[in-house]
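One structure below.
Here, each number is a calculation from the coordinates, and none is a lab measurement. Just so we're clear, the structure is a prediction, and the values are computed from it rather than from any experiment. Here Cβ is always computed from backbone atoms with ideal geometry, including for glycine, and neighbour counts include all displayed protein chains.
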Amino acid sequence: MMAFVRRLAPAALLLTACSEPKAALTVLDQPEAVLGRSFAQVSNVVEIGPNQVALAELKDRTFLFADFATGTATPVGQHADSIKPGDAAPGQHKYPGYVLRLGPDTLGLVDFAAERTTIWTTAGGYVGIMPGRGVGGNNQPLVYDGKHTGYKEDVRGVLGGLEPGEEVNFDNLAVLRIIAGDTVADTVARLKLPVWGRGQFGEQMKIVSTIFSGRDLFGVLPDGSLWAARANDNRVDWRSPTGDWSTGPRRSYTTIPVEQAEKDMFLNRLRQQMASMGAPAGIELSYPFADSKPPFSAGATNTYTSEVWLQRSRAFADSVPVYDVVGRDGKAVRAVQFPKGATLAGFGAEGRVYVLLRQGDAQQVVRYVVK
């Protein structure tokens with residue numbers, strides 16, 4: 001069954017008025033296929049064939065190959081309650097957290113608990129462990145190019161080293177490139193961090209990031225090209241494999257104010273989390289909030305089309321996701337509107353897009369085609 005999509009006139013896009021041409025809006029109306037079983041919490045979806053995908057089930061802590069034709073999901077590898085540091089534990093995983101596409105017939109599985117990335121074939125065979133574990137910190141890269149070079153944010157400069165009362169003096173985050181087999185990493189990009197402010201937690205005043213303050217995002221293509229989405233200017237810059245940068249044009253967007261109801265919901269959830277950890281009831285709690293939201297809140301790389309998909313920020317009451325699709329020249333290609341409450345999970349060949357739809361306490365994996 002072919003997917004049904006609806007293309008609206010450019011005027012349907014809610015962008016601020018300007019002279020630049022507007023990209024047409026594609027609305028995902030009905031899926032091409034629905035996987036015949038549901039899941040509790042899926043990490044992401046990686047296509048391994050026209051009707052097969054790989055995914056990690058976070059709540060069940062399983063690594064699965066699922067088939068759209070049969071509706072079955074087959075476990076890959078074996079769960080281990082404990083994997084000791086230095087133990088190769090071939091074919092085992094402790095907490096499958098994210099699936100990577102490393103090549104036409106090769107997958108990577110990021111194990112959050114074992115702090116390692118294992119390599120698998122698309123037939124389900126175990127290959128080995130990705131080298132470079134621990135380079136630039138223990139957080140595993142979630143992005144690789146076609147040469148198995150890993151890219152990750154250097155969170156060490158943000159998470160560690162501050163003494164009580166010390167002012168934050170950094171405003172950017174380095175992107176590290178880790179070449180397979182090497183023991184060092186080099187910095188290939190710098191990303192803007194959210195604005196810092198002060199939060200009150202009982203009698204403690206802490207330096208915290210301002211909620212809804214924009215931050216830059218990045219991704220990588222198989223040829224080693226890197227993109228950086230700039231929150232301040234709503235533009236996408238590109239770094240070539242040789243290290244040359246090109247600056248994309250600024251794109252207009254609608255400014256969305258942060259509503260009081262959204263601030264209240266955030267603080268209520270934070271109070272609940274703190275209470276579950278033993279914090280006393282009625283503790284004084286305040287957080288800095290931005291006046292308005294950044295142009296985008298999330299991003300993903302479609303390596304099949306060399307496009308960047310940026311999820312637009314939306315108003316508090318709006319539950320319909322819209323993604324702006326940007327090409328290698330930094331210009332808008334199209335906008336894609338997802339079903340209400342949907343989550344982008346991955347991409348495939350021939351325009352296939354994988355989406356997670358929440359059905360009560362379960363998630364469905366749904367496939368659309370965007371041409």
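Quick look at the values:
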{"quantity": "GNM top mover of 192, 84, 331 - the chain, alpha-carbon springs below 10 Å", "calculated": "84"}
{"quantity": "Inter-probe distance in nm under a simple model that places probes 7 Å from Cα toward Cβ, at residue 340 and residue 179", "calculated": "5.3 nm"}
{"quantity": "Unit Cα scatterers, Debye sum, the chain: log10 I(q)/I(0) for q = 0.11, 0.15 Å⁻¹", "calculated": "-0.88, -1.61"}
{"quantity": "At most 15 other Cβ within 10 Å, DSSP loop - GluC sites (Glu not before Pro), segment 268-371", "calculated": "284"}
{"quantity": "Computed helical MRE - 222 nm, the chain, DSSP H runs ≥ 4 contributing -39500 (n - 2.57), nearest 500", "calculated": "-1500 deg cm²/dmol"}
{"quantity": "Distance (nanometres) between label positions extended 7 Å along Cα→Cβ at residue 196 and residue 88", "calculated": "4.5 nm"}
{"quantity": "Of 192/340; 340/371; 94/192; 59/293, pairs whose Cα-Cα distance is over 26 Å", "calculated": "192/340; 94/192; 59/293"}
{"quantity": "In segment 31-118, the trypsin sites (Lys or Arg not before Pro) that fall in loop regions by DSSP, at most 13 other Cβ within 10 Å", "calculated": "59"}
{"quantity": "For the chain, share of DSSP beta bridges that run antiparallel, in % to the nearest 5", "calculated": "95 percent"}
{"quantity": "DSSP-loop trypsin sites (Lys or Arg not before Pro) across segment 203-312, with at most 16 other Cβ within 10 angstrom", "calculated": "250"}
{"quantity": "For the chain: relative contact order, % (alpha-carbon pairs under 8 angstrom, 6 or more apart)", "calculated": "15 percent"}
{"quantity": "Residue of 73, 40, 345 that the Gaussian network model of the chain assigns the largest fluctuation, springs spanning Cα pairs under 10 Å", "calculated": "40"}
{"quantity": "Overall Cα dimensions of segment 137-337 - principal axes, largest extent first, Å", "calculated": "54, 42, 27"}
{"quantity": "For the chain, built as a Gaussian network whose Cα springs stay under 10 Å, the top-fluctuating residue of 181, 351, 282", "calculated": "282"}
